[in-house]
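Worksheet: one structure, shown below.
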Amino acid sequence: MVIRYAILSDVHGNLEALTAVLADATAEGARAILCLGDLVGYGADPVACVEQVAERAVAVVAGNHEHGALGLLDLGWFNPAARAAALWTRDRLDADHGRYLEQLALRTTLEEATLVHASPRRPEEWDYLISAQDGFEAFGDFDTRLCFVGHSHRPGWWSLGSSGREHVGHGSPARTRLRLLDGRRYIVNVGSVGQPRDRDPRAAYAIWDRDERTVTIRRVDYDYRTAAQKIVAAGLPRFLADRLADGF
Ligand code: ZN
């Protein structure tokens, strides 16, 4: 039985970040990878990222950027840089990659966890869970003890139980370890591997240890300069390269 899962979201075609995170997860003893979608979009290595994750992950759900690149989502919902990246990505995915991404579910469950890209409430609406209220309102839309989400690119969590509610948003760097208590339920945003937006440029992901009953948000240094140079060289919007250094 797997004891430690590495949970990755929002890789966004950033191979340098993904490689660093996979190495860290292995060093941390994670024996299985779960992925919450947005493998592609923004970064210059969508194909390599899809292949790396498809080869390793035991569960993967789709994100809005998969749907955008595949033409399953109206790109009018995307900002101009995201739209340009979706069209650029569409040209690079061959039929096999397209079929793989197309068959990904919007949500799935594994052991006592629900996995979904944006929100367990209407996953196809791609709502962001940002505020305390956003998260607490979503607890009625899944029945497992845990729900892992991505999408906002900001790690944090919500917890609900008879002893009260807790919300730990991004910007709380001291609070990176969550101890899972009996009788409580949790929504955990694992942050983004390939394009963090909490003003910390390091790649983010989570380790769920079933034995210790903890979820830990890990931050991993990676070569964002190379990832940024590849974005510029690919002719993708320069903003997508520049923001990697800022982590925003
Ligand atoms: Zn994303």
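FRET efficiency for Arg238 and Glu51, Cβ-Cβ distance as r, R0 = 25 Å, nearest 0.05?
Details: r = 27 Å, r/R0 = 1.07.
Working from the Cβ atoms, E equals 0.40.
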Exercise for review: Give the share of C-alpha pairs in each 10 angstrom bin for the chain, from 0 to the last occupied bin, in whole percents, shortest bins first.
Suggested key: 8, 35, 38, 16, 3, 0
Study note, to complete from the structure: To the nearest Å², the heavy-atom accessible area per residue of segment 4-245 with 1.4 Å probe amounts to 42
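Just the C-alpha atoms of segment 1-67: what Rg/Rh do they give, with Rh taken as the Kirkwood radius? Kindly include the intermediate steps, with their values, before the conclusion.
Numbers: Rg = 11.3 Å, Rh = 11.8 Å.
Value, to two decimals: 0.96.
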**Study point:** Reduced Cα scattering model of segment 18-153, Debye log10 I(q)/I(0), q = 0.15, 0.19, 0.20 Å⁻¹
**Key:** -0.76, -1.17, -1.26
Check your understanding: In the chain, carbon and sulfur make up what percent of the accessible area (probe 1.4 Å)?
Key -> 48
Review point. If contacts are Cα pairs under 8 angstrom and at least 6 residues apart, what is the relative contact order of the chain in percent?
Key: 23
Review point. Say we join alpha carbon atoms closer than 10 Å with springs in a Gaussian network model of the chain; which of Ala20, Ala95, Ala59 then has the biggest fluctuation?
Key: Ala95
Revision key, fill the gap. Taking the chain and counting helices only, DSSP H stretches of n ≥ 4 at -39,500 (n - 2.57) each over all residues, the nearest-500 ellipticity at 222 nm comes to -9000 deg cm²/dmol
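So, with +1 on the Cβ of K and R and -1 on the Cβ of D and E, and no other charges, what is the size of the charge dipole of segment 4-245 about its Cα centre, to the nearest 20 debye? Write down the numbers at each step before the final one.
Working: 29 positive and 33 negative charges, 124 e Å.
So the magnitude is around 600 debye.
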Check your understanding: Using r as the Cβ-Cβ distance of Arg122 and Thr26, and R0 as 35 Å, what FRET efficiency do you calculate, to the nearest 0.05?
Key -> 0.50
Revision key, fill the gap. 1/(1 + (r/R0)^6) with r = Cβ-Cβ of Glu166 and Asp211, R0 = 22 Å, i.e. FRET efficiency to nearest 0.05, evaluates to 0.45
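Can you give the net charge of the other residues whose Cβ lies under 10 Å from the Cβ of Asp38, counting K and R as +1 and D and E as -1? Numbers along the way, then the final one.
Numbers: positive: none; negative: Asp10, Glu66.
Overall, the nearby charge balance is -2.
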Practice item. Just order 183-189, 107-113, 30-36 by mean Cβ neighbour count inside 10 Å, highest at the front, would you? Key: 30-36, 183-189, 107-113
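The values are calculated or read from the model by the stated rules, or taken from the named source; none is laboratory data. All values derive from a computational prediction rather than experimental measurement. Every residue, glycine as well, gets a Cβ built from its backbone with ideal geometry; the counts of neighbours run over all protein chains shown. Protein only, heavy atoms only, side chains kept; ligands, DNA and RNA dropped before computing areas. Shrake-Rupley method; radii C 1.70, N 1.55, O 1.52, S 1.80 Å.
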